[in-house]
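A.B. asks: Once you've had a glance at the structure underneath, I'll fire off some questions.
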Amino acid sequence: MSKNPSSMPPAFDPQAIEAGWYARWEKEGLFTAAAKSKKPKYTICLPPPNITGELHMGHALNHTLQDICARYRRMAGYEVLFLPGMDHAAIATQNVIEKQLAAEGMTKEQLGREAFEARVNEWYAEVGDTIVSQDRILGASLDWSRLRFTMDPRYVRAVMTAFVSFYEKGWIYRAPRIVNWCPRDRSAISDLEVKWQVHDDVLFFIKYPIEGGGDVMIATVRPETMLADTGIAVHPTDDRYKHLIGKTAILPLVGRKLPVVGDEAVEKDFGTGALKVTPGHDPMDYEIGQRHSLEVVNGMNPDGSMNVPGLPYDGLPALEARRHVVEDLKAQGLLVKEEPYTHEVGHCDRCDAVIEPLISEQWWLRMEVMRDKALEASAAGKVRWHPDRYERTYLDWLRGLRDWNIGRQLWLGHRVPVYYCDNGHQLVAVERPHECTECGSTTLTQHPDVLDTWFSSALWPFATLGWPEETGDLEAFYPNNMNSTAREIINLWVSRMIMTGLEFMGEAPFADVAIHCQVQAADGRRMSKSLGTGVDPRGLITKYGTDAVRAWAASVAMSSQDVRFDESRVEGYRRFCNKLWNATRLVLASAGDATVAPPAPQALEDRWILSRLSRTSAAVTAGIEGFKFQDSMAAAYAFAWNEFCDWYLEAVKERLRSGDVVAQGVALSCLDHVLRLLHPTMPFVTEELWSRLPGRRDFLMRAAWPDLQSADPEAEETFGQVMAIVEELRGHRQAAGAPPRGGMLFLDASTDRTVAALAARLSWTELSPDALDAGIPLGTRPGRVSFPVAAGDSRNKAQLKRLTSDLEKTEAQLANPEFRANAPFDIVRKLEERAAEIRAAIDRLST
RNA sequence: GGGCGGCUAGCUCAGUUGGAAGAGCGCCAGCUUGACAUGCUGGAGGUCGGGGGUUCGAAACCCUCGCCGCCCACCA
């Protein structure tokens, strides 16, 4: 890394500079956290990415945010652990592999369990590598020495320990209940894994005969489930039907006797007001059945086919059975009518199959105690949400929390640590027991169920640190400090981490939760591979560089609304990188390797830019600390481009060229600090440029975070006058059609001579010692400008018009006695000053 | 059925306790300015979704309507 500025090509090339830095940081051990460090700790456990195999926009966004926090805290003096990991994502992975197999004309059953597992492990290895390499490209400063996987033996032990602990508290039990059954995965899934989709179906109206004469009509969209009906329910106060309560209906096609019961859960106004009760296949029916002791009939096999022995529909897939049932009802004259009906149907989040609610015996985890602790923690302000409205989302869900179905009937995942001996005794243990503790039998079988993926994810903030062992990492880095995720997994994941953290560690796992926005495709649709609307961040990185993509991520991520992807914004940040690059070139061309400490700045532009730098550093810091990364980005961007480059560098170019050490020193100091301020967001270009500054031996990555307290309001006010004059002069020049340079400027004695000189220099005019007879009067200060060509005054006319209209508005407000009576004094005074200024400007322009 | 978010310039979005409407991109015009044409300068463009209200003053607070989008929810 030569410091010779001539070695810097005029164009910033992200590929060229990004290549080496990540490896250098890593080699230097800058990502590795020291548990024994005396510094305050800051921990982020990166949410384990779902095994999709590819980095998508959500990761780019989410990982960038966390990396910003991690890098910022390192610079601010913290010992930072940013821990990477991967999740086995049982149901998702199983689906991916099954799809691969299907493409090869195979099923997992044909392959066999062992070969299937081998194949899965290959996949994990491959995808793991991909994810790791993608985070490197993204520049995420992760501690790879602590990479964790939920299937690592140590992690598995943590999962088992949690299960056993819950079991010993009596919170885990096994019971039959209506669950969401995915017939394709042949597993139960939780309520949170069900996605509802609108279906256009048919509502069938069917007559059930009543014993002793008459009939009752019900409505259903799933006639095939009637084969498992065990009752009829009506509302107890429904005059149309209440005389039927206690009587018996005969189930068509089956002949089963169905008690008619009265239950308040029935809506009188919906359908026919009479409800067929199918406790084995509908959650509400199940509850009605429980209240009235109705029989539970399971009419469906795990693969979704009908389980109705003795009937002609036995073994048929549900939809086929539906057709036959409808035909047969029609033939018997029991199908009264069909109506189109639009409603929502549950689908499996992972494989999209239609969910069949059915009765099934499952492992359940009682949540009351953990829920209450989580609620208390929130009430005590232990967990802060950003944006804060998500706290309500979380609390609402928490309050309505029911027992968690933690069992899955999959091939992949953590096996439930429950064993049975051949005498029927049940054992629950972290390690597989050698013999039954009750009878000594050594023939033990493990329960076939695995755990919900989210059961293991819930332990992430401490299981990754070695829990249940009391490791140094756990001691040093728990609790974590922040967690950043997409809002769709607030309930699936964040809430559960909070609950288990409180339960096992006695402390919330993190103090801050950041929920980033969702990036939509440019047309507002969801970004998805299947829709073809996805944008691959790696393509963007290749095109614009990592820093540009990260800067874009920072600028949109905490948006209060979801954002539509706009590539031109990414491109804009690449240009910003180029701007920083060239600003550095300019300064280095003058300063070279000089490292002399400059004397204290006296010049107005020096004092001004240092003051602006100080304010910028405060704004950038506040933005990161307040999870408003867009504010940080905007502040640094505006300072670097619109103040440092546009004004300061233009003002000191001559001084730099002539070797003015003060200007060199100030410019270098601005660069040094703005690179520090931008480093968390744009690590590569800043590290590269910083390394080229004179006297740099170390990494920017571990340089100190700026804490500047040198605001100079007087310099800002005075330099503001310069800017106003220069801007006006530029306007006149263009309106007059004058060449870019040349012209005479006169500013009377009321304008400070420093201001006048600087304004003349920056506007490429010559300062005239004497008043000008001809020329254009100025609005900003008393004075005139004349250009070498005949000047039109069209601009002054337009300006006058605008000023006059402004003055009218301002005076109208000031003339309102109520305004004067009610508005704070400061506001009134400001308005009066403004009116005076406008009047003065009008005066000057009219002369 | 509940709840939340959004509607601001042609586009994508900012707008921090109410006190002169902003940025980037795009558009128009002018500039081979000794860092950068990935640049510089000037400019056009908005009755802040509609309608009420509170207030001296509303993009911002309240009500209401209209569209988008999301989350939660056992009405067949």
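A.B. asks: Take the stretch A:563-594 and flag every residue that is within 9 Å of RNA strand B (Cβ to nearest atom), farther than 22 Å from residue A:634 by Cβ and open to solvent by 40 Å² or more (accessible area, probe 1.4 Å).
C.D. replies: Within the stretch A:563-594, A:585, A:586, A:589 qualify.
A.B. asks: When residues of the stretch A:660-679 are filtered for being touching a Ser or Thr at 6+ places or on another chain (Cβ under 7 Å) and not in a helix (DSSP H, G or I), how many remain?
C.D. replies: Number of matching residues: 1.
A.B. asks: Check whether at least one residue in the stretch A:286-302 is within 12 Å of RNA strand B (Cβ to nearest atom), closer than 27 Å to residue A:234 by Cβ, among the hydrophobic types (A, V, I, L, M, F, W, C) and surrounded by 15 or more Cβ atoms within 10 Å (Cβ to Cβ), and report yes or no. Talk me through it step by step, then tell me what you get.
C.D. replies: In the first step, residues of the stretch A:286-302 are kept if they are within 12 Å of RNA strand B (Cβ to nearest atom); the result is A:286-291.
Now drop any that are not closer than 27 Å to residue A:234 by Cβ, which leaves A:286-291.
Now drop any that are not among the hydrophobic types (A, V, I, L, M, F, W, C), which leaves A:288.
Among the residues that remain, those that are also surrounded by 15 or more Cβ atoms within 10 Å (Cβ to Cβ) are: A:288.
Checking the stretch A:286-302: at least one residue is within 12 Å of RNA strand B (Cβ to nearest atom), closer than 27 Å to residue A:234 by Cβ, among the hydrophobic types (A, V, I, L, M, F, W, C) and surrounded by 15 or more Cβ atoms within 10 Å (Cβ to Cβ).
A.B. asks: Take the residues in the stretch A:74-125 that are assigned to a strand (DSSP E or B) and modelled with pLDDT under 95; name whichever of them is surrounded by the most Cβ atoms within 10 Å (Cβ to Cβ).
C.D. replies: The first filter runs over the stretch A:74-125 and keeps only residues assigned to a strand (DSSP E or B), leaving A:79-83, A:85-86.
Imposing the further condition that a residue be modelled with pLDDT under 95 reduces the set to A:85-86.
Values: A:85: 23, A:86: 21.
Among those that are assigned to a strand (DSSP E or B) and modelled with pLDDT under 95, it is A:85.
A.B. asks: Going through A:771, A:823 one at a time, which residue ends up being in contact with a strand residue (DSSP E or B) (Cβ under 6 Å, 6 or more places away or on another chain), more than 19 Å from residue A:736 (Cβ to Cβ) and of a type in the set (A, V, I, L, M, F, W, C)?
C.D. replies: On the way: A:823 fails: in contact with a strand residue (DSSP E or B) (Cβ under 6 Å, 6 or more places away or on another chain).
After applying the criteria, what remains is A:771.
A.B. asks: Would it be correct to say that residue A:169 is at pLDDT 95 or above and open to solvent by 10 Å² or more (accessible area, probe 1.4 Å)?
C.D. replies: Yes, satisfied.
A.B. asks: On to the next question. Somewhere in the stretch A:152-163, is a residue outside any helix (DSSP H, G or I) and surrounded by fewer than 22 Cβ atoms within 10 Å (Cβ to Cβ)? Can you show your working first?
C.D. replies: From the stretch A:152-163, those outside any helix (DSSP H, G or I) are A:152; that's our starting set.
From what's left, surrounded by fewer than 22 Cβ atoms within 10 Å (Cβ to Cβ): A:152.
So far as the stretch A:152-163 goes, yes, one or more of its residues are outside any helix (DSSP H, G or I) and surrounded by fewer than 22 Cβ atoms within 10 Å (Cβ to Cβ).
A.B. asks: Please work out which residue is nearest to RNA strand B (Cβ to nearest atom), limiting yourself to the stretch A:355-380 and to residues that are more than 25 Å from residue A:173 (Cβ to Cβ) and open to solvent by 60 Å² or more (accessible area, probe 1.4 Å).
C.D. replies: Our first condition is that a residue be more than 25 Å from residue A:173 (Cβ to Cβ); within the stretch A:355-380, this holds for A:377-380.
Next, only the ones that are open to solvent by 60 Å² or more (accessible area, probe 1.4 Å) stay: A:379-380.
On the way: A:379: 18, A:380: 23 Å.
In this case the residue turns out to be A:379.
A.B. asks: May I ask you to verify whether residue A:268 is near RNA strand B (Cβ under 10 Å from one of its atoms), modelled with pLDDT of 95 or more and either among the charged types (D, E, K, R) or in contact with a helix residue (DSSP H, G or I) (Cβ under 6 Å, 6 or more places away or on another chain) (or both)? Write out each step before concluding.
C.D. replies: Working: near RNA strand B (Cβ under 10 Å from one of its atoms): yes; modelled with pLDDT of 95 or more: no; either among the charged types (D, E, K, R) or in contact with a helix residue (DSSP H, G or I) (Cβ under 6 Å, 6 or more places away or on another chain) (or both): yes.
For residue A:268, the condition - near RNA strand B (Cβ under 10 Å from one of its atoms), modelled with pLDDT of 95 or more and either among the charged types (D, E, K, R) or in contact with a helix residue (DSSP H, G or I) (Cβ under 6 Å, 6 or more places away or on another chain) (or both) - is not met.
A.B. asks: Confirm whether residue A:242 is at pLDDT below 95 and within 49 Å of the chain's Cα centre (by Cα).
C.D. replies: On the way: at pLDDT below 95: yes; within 49 Å of the chain's Cα centre (by Cα): no.
Here the answer is no, as residue A:242 does not meet what is asked.
A.B. asks: From the residues in the stretch A:319-346 that are under 26 Å from residue A:180 (Cβ atoms) and among the basic types (Lys, Arg), which one is nearest to the chain's Cα centre (by Cα)?
C.D. replies: A:322
A.B. asks: Which condition does residue A:339 not pass, out of (1) open to solvent by 10 Å² or more (accessible area, probe 1.4 Å); (2) over 14 Å from residue A:228 (Cβ atoms); (3) without any contact (Cβ under 8 Å) to a residue 40 or more places away in the chain, if it passes all the others?
C.D. replies: Every condition holds for residue A:339 apart from (3).
A.B. asks: Determine if the stretch A:272-285 includes at least one residue that is closer than 25 Å to residue A:324 by Cα, open to solvent by less than 50 Å² (accessible area, probe 1.4 Å), within 13 Å of RNA strand B (Cβ to nearest atom) and in a helix (DSSP H, G or I).
C.D. replies: yes
A.B. asks: If you don't mind, there's one more thing I want to ask. Do you know which residues across the stretch A:234-271 are of a type in the set (Lys, Arg) and either open to solvent by less than 70 Å² (accessible area, probe 1.4 Å) or not in a loop (DSSP other than H, G, I, E, B) (or both)?
C.D. replies: The answer is A:242, A:256, A:257.
A.B. asks: In the stretch A:640-660, which residues are closer than 16 Å to residue A:716 by Cβ and either surrounded by fewer than 18 Cβ atoms within 10 Å (Cβ to Cβ) or within 7 Å of RNA strand B (Cβ to nearest atom) (or both)? So that I can check it myself, show each step before the final result.
C.D. replies: Looking only at the stretch A:640-660, we keep the residues that are closer than 16 Å to residue A:716 by Cβ, and these are A:642-644, A:646-648, A:651.
Answer for the stretch A:640-660, where residues must be closer than 16 Å to residue A:716 by Cβ and either surrounded by fewer than 18 Cβ atoms within 10 Å (Cβ to Cβ) or within 7 Å of RNA strand B (Cβ to nearest atom) (or both): A:642, A:646.
A.B. asks: Consider residue A:715 against the criteria (1) out of contact with any Leu (no Cβ under 7 Å at 6 or more places or on another chain); (2) open to solvent by less than 10 Å² (accessible area, probe 1.4 Å); (3) small (Gly, Ala, Ser): it satisfies all of them except one. Which criterion is unmet?
C.D. replies: Single failed check for residue A:715: (1).
A.B. asks: If you don't mind, there's one more thing I want to ask. Which of the helices (runs of 4 or more DSSP H) found entirely inside the stretch A:745-847 contain at least 2 residues meeting this: of a type outside the set (Gly, Ala, Ser), modelled with pLDDT under 90 and open to solvent by less than 80 Å² (accessible area, probe 1.4 Å)?
C.D. replies: Ranges flagged: A:794-815, A:825-846.
A.B. asks: Follow-up question, since we're still on this one. Across the stretch A:594-647, what is the total count of residues that are in a loop (DSSP other than H, G, I, E, B) and aromatic (Phe, Trp, Tyr)?
C.D. replies: 1
A.B. asks: List the residue pairs whose Cβ atoms are under 9 Å apart, where the first residue sits in the stretch A:718-733 and is among the small types (Gly, Ala, Ser), the second is modelled with pLDDT of 95 or more and more than 7 Å from RNA strand B (Cβ to nearest atom), and the two are 6 or more positions apart or on different chains.
C.D. replies: Pairs found: A:720/A:608; A:724/A:759.
A.B. asks: Which residue pairs have Cβ atoms closer than 9 Å, lie 6 or more positions apart in sequence or on different chains, and pair a first residue in the stretch A:825-840 that is closer than 14 Å to residue A:800 by Cα with a second residue that is outside any helix (DSSP H, G or I)?
C.D. replies: A:840/A:779; A:840/A:782
A.B. asks: Considering the stretch A:199-209 alone, what residues qualify as being more than 12 Å from RNA strand B (Cβ to nearest atom) and either at pLDDT below 95 or open to solvent by 10 Å² or more (accessible area, probe 1.4 Å) (or both)?
C.D. replies: Answer for the stretch A:199-209, where residues must be more than 12 Å from RNA strand B (Cβ to nearest atom) and either at pLDDT below 95 or open to solvent by 10 Å² or more (accessible area, probe 1.4 Å) (or both): A:200, A:207, A:209.
A.B. asks: Among (1) within 16 Å of RNA strand B (Cβ to nearest atom); (2) crowded, with 19+ Cβ neighbours inside 10 Å, which single condition is residue A:665 missing?
C.D. replies: It fails just one condition, (1).
A.B. asks: Please name all residue pairs, on different chains or six or more residues apart, with Cβ atoms under 6 Å, provided the first residue is in the stretch A:692-705 and is under 13 Å from residue A:28 (Cα atoms) and the second residue is part of a loop (DSSP other than H, G, I, E, B).
C.D. replies: A:700/A:679; A:701/A:30
A.B. asks: Here's another thing I want to ask about it. Going by the structure shown, is residue A:693 at pLDDT below 95 and of a type in the set (A, V, I, L, M)?
C.D. replies: When the stated conditions are applied, residue A:693 passes them.
A.B. asks: For residue A:267, indicate whether it is free of Cβ contacts under 8 Å to residues at least 40 places away in the same chain and within 30 Å of residue A:405 (Cβ to Cβ).
C.D. replies: Answer is yes for this residue.
A.B. asks: Still on this structure, I have one more. Condition check: under 24 Å from the mean Cα position of the chain (by Cα), closer than 15 Å to residue A:705 by Cβ and among the β-branched types (Val, Ile, Thr). Does residue A:68 satisfy that?
C.D. replies: Here the answer is yes, as residue A:68 does meet what is asked.
A.B. asks: Let me ask another. Just to be sure I understand, how many residues within the stretch A:388-432 are among the small types (Gly, Ala, Ser) and surrounded by fewer than 16 Cβ atoms within 10 Å (Cβ to Cβ)?
C.D. replies: Selection size over the stretch A:388-432: 3.
A.B. asks: Test residue A:637 against the criterion of being of a type in the set (Phe, Trp, Tyr), within 11 Å of RNA strand B (Cβ to nearest atom) and either open to solvent by 50 Å² or more (accessible area, probe 1.4 Å) or at pLDDT below 95 (or both), and give yes or no.
C.D. replies: Numbers: of a type in the set (Phe, Trp, Tyr): yes; within 11 Å of RNA strand B (Cβ to nearest atom): yes; either open to solvent by 50 Å² or more (accessible area, probe 1.4 Å) or at pLDDT below 95 (or both): yes.
So residue A:637 fits the description; yes.
A.B. asks: Within the stretch A:307-319, is even one residue in a strand (DSSP E or B) and within 16 Å of RNA strand B (Cβ to nearest atom)?
C.D. replies: No - not one qualifying residue is present in the stretch A:307-319.
The values are calculated or read from the model by the stated rules, or taken from the named source; none is laboratory data. Because the structure is a prediction, the values reported are computed rather than measured. Neighbour counts are summed over all protein chains in view; Cβ atoms, including those assigned to glycine, are modelled from backbone coordinates with ideal geometry. Each accessible area value is taken on the protein alone, full model and side chains, heavy atoms only, with ligands, DNA and RNA left out. Shrake-Rupley method; radii C 1.70, N 1.55, O 1.52, S 1.80 Å.
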